[in-house]
Amino acid sequence: MTDSVIVRAFHGERHDHSGCIQDALAVAERVCAERGVRLTKLRRRVLELVWQSHRPQKAYDLLDLLRDENQRAAPPTVYRALEFLHDEGLIHRIESLNAFIGCGDPTQPHGGQFLICRHCGAIAELSDSQINELMDAKAAELGFQVRRRTVELEGECPDCSGRSGAGT
Ligand SMILES: [Zn+2]
Ligand SMILES: [Zn+2]
Ligand SMILES: [Zn+2]
């Protein structure tokens, strides 16, 4: 397969993140229009907040931010918006952190593999079918059928490993 394996790389601290947010929102609008589902104002805003950085966002933090700007953002409304974004593959749930991260390429459904920096919290995403096939094959040897794959690796991103290598 030749499709790209890196859905989202580590960007480093000094990139222009407003570009990431704009791209993510533009792709979300296109994907929703193609699928005939509605990216309401609230859903769009929640997605924008999930994308506020490359770190995962917890639902209750998003709720706090929305409350600050709109008193009517009741928890069920926000949870439903997150559910919608998750169902459409626009965000992923990071199970080990119970938090959400924006998907780098929501045009096709995929179960990602996530690299989580233990220092700065940045997350990169891979979608490598070889990894999935290998896991499925190993599971099948045990007569196990895989229904959901959660691959979350913890470590150090290039920024942070460079820093600790410099002795700071
Ligand atoms: Zn960015
Ligand atoms: Zn993804
Ligand atoms: Zn880091």
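Values in this text are rule-based calculations from the coordinates and carry no lab data. Predicted, not measured: the structure shown is a model, and the values here were computed from it. Virtual Cβ from ideal backbone geometry, glycine too; neighbours counted across all protein chains shown.
A few points about this structure:
- J(HN,Hα) series, region 25-33, from Karplus relation 6.51 cos²θ - 1.76 cosθ + 1.60, nearest Hz, glycine and proline x: 5, 5, 5, 4, 5, 5, 4, 5, 4
- In sequence order, region 43-50 has phi-based couplings of 4, 5, 5, 4, 4, 4, 6, 4 Hz under the Karplus curve 6.51 cos²θ - 1.76 cosθ + 1.60, θ = phi - 60°, and Gly or Pro positions carry x.
- For region 39-121, the fraction of C-alpha pairs farther apart than 19 angstrom is 33 percent.
- Once C-alpha pairs closer than 8 Å and six or more residues apart are averaged by separation and normalised to the residue number of region 6-165, the relative contact order reads 27 percent.
- Cysteines without a disulfide-compatible neighbour (Cβ-Cβ under 4.7 Å), the chain: Cys20, Cys32, Cys103, Cys120, Cys160
- Low-density loop positions, trypsin sites (Lys or Arg not before Pro), region 14-115 - DSSP coil, at most 16 other Cβ in 10 Å: Arg14, Arg38, Lys58, Arg72
- Residues His15, His92, His110 arranged by fewest to most Cβ contacts within 10 Å: His15, His110, His92
- With viscosity 0.692 mPa s and temperature 37 °C, the Kirkwood radius over alpha carbon pairs of region 6-165 converts through Stokes-Einstein to a diffusion coefficient of 195 µm²/s.
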